[in-house]
Structures are given as C-alpha cells and as structure tokens.
Amino acid sequence: MQQKICALVLTFVLALTSFGTALAAEPPNAVQSKLALIEQDTYGQEQTGALIDRINRLERDYDGKHRSGSLMARIDAIYDEVYTNSTTPSVLMNLNAIEWNINHETSLRPVQERVSEMEVALLGKTSEGTFQKRISTLSEASFGTKEIPVTPVSVPVNTLVKVALVTPVNAKNLKVGDTIEYQVADDVFVGDTLVFTKGSRGEGTVTKVKQAKNFGRNAAVDIDFKNTKALDGTYVTTYIGEEAKKEMQHLAMAAGASLAGIAVLGPLGVVAGAFVHGKNIDLPAGTELYIQTQSDTTVYGVQTTYDSAAPFQSAAAQTTAGGDGYDNSVYDDEV
C-alpha cells in the first residue's frame, strides 16, 4: 500500500478548488425524485405502481403504521427517518454503526439487504417485522443495548483521512467534469469516537486534464475532492492540504522512494512529482492517498468504549411504540 501512495506522490497532480464546511446530503425537491431516492436506498431500486401504494409500503416496512397528512408531508417524514439525525439517530446511521461493529467496515447496500445480512451474522437467521424493530434487535445483539452509543463530536480541522480510489484515474480516458469515486480506507476516530468508517464513499470531480506530450511534457490531472461522507451521513468538506501532502511524502520516504525533484507548489494544495518525461498518469483502483478536513466540523459519532463482552447477545428488542399522527392499522410491531 505504501508503494501505491509513493506512486501517487511521484506521478500525480492533485488540485483543490472546494470550499465550505459540513453539509447534509442535498435532498431532492420533487415528490417523485425524493421517493425514488428513499426506495433506492431501501430496496435497491425505484419501485413501480401508484404513488400512494409506494408510500404505504415504505411506512409499513419502516414503522408498521400509516402516517396522516399530505403525500409530500409523509414522504418528508420517511426521508427524515432514514437520513436525518435530530432527536434520534437516522436509520442509516444506526445501520452504519451496527455494520461497523460487526465487520469494521460499512457498505452502500440497501437497507433491506443490510438488515437481513446482519441478522444472519448476529442471530443466525432473518427476522420478521418492521425495519425499526429489527434494527433495534440488531443494536442490542451488537452493542448490548437498544440505544446505540451515539454522541456529537467536533472533528478538528486538518484531520487526516486515508482514502483509496474506486474509479481508476487515467489521463487518457478522463475529461473535465468526470466523477472520481473513492472510499475511506481506514477508520477515523476523534478520541474514542468513530467518525469516518472504512468503506464510506466520497466523490471528486475532475477539474483539469492535460495529456502527456513530446519533449517531456507530462500528463496532469486536477481533482476536487470536495466532500467525504461521515458515519452519520454528513458530507464533510475535504481536500489535499499541507498535512495530507506531508503524510504522503513521509510514506513515500518510508517506502524507500527517491524524492528528488518533488515540489510542493501553490497555495491551493497542488502536489507535483518528479515525473518521467512524457509519462501518462495511470492510477488503478485501490491507489491510496490522504485528504484532510478543511474546517472544524460537528458530526455524530459512535463511542467505541462499550463492554466488549456485550456484543453478540441475541435479546429481543421490546420498546413501546408511540407517535401522534399515525394510523396504527398496518402492523402492530412495537419498536
């Protein structure tokens, strides 16, 4: 892996143009697109059929109850339940925490699939009932408590995040505007609180491409590594700054690479390497590098100093259902 980072430092140009702080995933505005996003993350694909039937299914599968109100209000309520951390952690944050506690990695698979796989891993079989009830049972089996130990934490500016390319970077095949996917390669903690998990995804955008030419004119690719998703779903502004560049250079030296000719140029975090003249940039998926947070950012993390004997209990979760504005006519699961 060090050799991959070494190759990155010696043959790649990276540029930053991002700015700002943490932001939540921008929710779609239209009824159809918002509903489609929830279905994609829940079932793996957008569903078909009448709008009301699709909303009813989501409400039934998550809570066993139909909400009252307009269609948009009901979709907004499901969206907040799945994605938003407010008075309680979102569905996706809870799943991320449980999945990390089992595998020390998180995935992008749909809720339905993740819940079933974790039930088999922890309980030996899949269960019935609402997603919320099943997630509560998984939480108790994994953490020894129905309430996942979630806490707000400030991620300091310049926190390093090791990432790996998911999308290969080859200057010959890229154009401005192309998306470069990457994923977090190692967990990141603030104290004993987990804030970024291995496997979490981010996206960068190609902002400049120069092809290799004759007379030693080397290829160059500029990428904006704008936002990286934290454990709680918050998108944190990230970039290649001084700390990230230093870390990559240290790893290059540890790998025994010659740093002759390496220059760190410009105020925006451009790393220029000792290129082989006229060389193309060709970095395979899995190539590792470092990025860093641009500002102090508050996110929700998971405390990891729980009793190590508690995980893998299989106690049934029994909490009392409540909630005004519900028609309790679908399931009678208590969550």
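The values are calculated or read from the model by the stated rules, or taken from the named source; none is laboratory data. Please read these numbers as outputs of a predicted model, since none were measured by experiment. Backbone-built Cβ (ideal geometry, glycine too); neighbour counts: all protein chains shown.
Some values worked out for this structure:
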| item | result |
| --- | --- |
| Extreme residue, surrounded by the fewest Cβ atoms within 10 Å (Cβ to Cβ), among residues of the stretch 98-117 that are within 14 Å of the chain's Cα centre (by Cα) and farther than 15 Å from Glu39 by Cα | His104 |
| Ser142 being surrounded by 15 or more Cβ atoms within 10 Å (Cβ to Cβ), closer than 15 Å to Ser200 by Cβ and not assigned by TED's automatic domain parsing to the domain that holds Lys198 | no |
| Leading residue by the ranking (surrounded by the fewest Cβ atoms within 10 Å (Cβ to Cβ)) among those in the stretch 125-139 that are free of Cβ contacts under 8 Å to residues at least 40 places away in the same chain and of a type outside the set (D, E, K, R) | Thr126 |
| Which listed residue is touching a helix residue (DSSP H, G or I) at 6+ places or on another chain (Cβ under 9 Å) and among the aromatic types (Phe, Trp, Tyr), from Phe189, Phe131 | Phe131 |
| Top-ranked residue in the stretch 203-235 [being of a type in the set (Gly, Ala, Ser), more than 22 Å from Thr304 (Cβ to Cβ) and in contact (Cβ under 8 Å) with a residue 40 or more places away in the chain; ranked as surrounded by the most Cβ atoms within 10 Å (Cβ to Cβ)] | Ala219 |
| Residues that are surrounded by 22 or more Cβ atoms within 10 Å (Cβ to Cβ) and among the small types (Gly, Ala, Ser), drawn from the stretch 186-202 | Ser200, Gly202 |
| Number of the condition not met by Val115 [criteria: (1) more than 30 Å from Asp63 (Cβ to Cβ); (2) β-branched (Val, Ile, Thr); (3) in a helix (DSSP H, G or I)] | (1) |
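This table checks each residue for (1) exposed (fewer than 13 other Cβ atoms within 10 Å of the Cβ); (2) outside any helix (DSSP H, G or I); (3) more than 30 Å from the chain's Cα centre (by Cα); (4) at pLDDT 65 or above.
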{"position": "Lys246", "(1), (2), (3), (4)": "no, no, no, yes"}
{"position": "Gln249", "(1), (2), (3), (4)": "no, no, no, yes"}
{"position": "Ser258", "(1), (2), (3), (4)": "yes, yes, yes, no"}
{"position": "Gln292", "(1), (2), (3), (4)": "no, yes, no, yes"}
{"position": "Tyr300", "(1), (2), (3), (4)": "no, yes, no, yes"}
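The rows are residues; the columns are (1) part of a loop (DSSP other than H, G, I, E, B); (2) at negative phi; (3) modelled with pLDDT under 90.
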residue: Gln132; (1), (2), (3): no, yes, no
residue: Ser142; (1), (2), (3): no, yes, no
residue: Glu147; (1), (2), (3): yes, yes, yes
residue: Val157; (1), (2), (3): yes, yes, no
residue: Val163; (1), (2), (3): no, yes, no
residue: Gly177; (1), (2), (3): yes, no, no
residue: Ile180; (1), (2), (3): no, yes, no
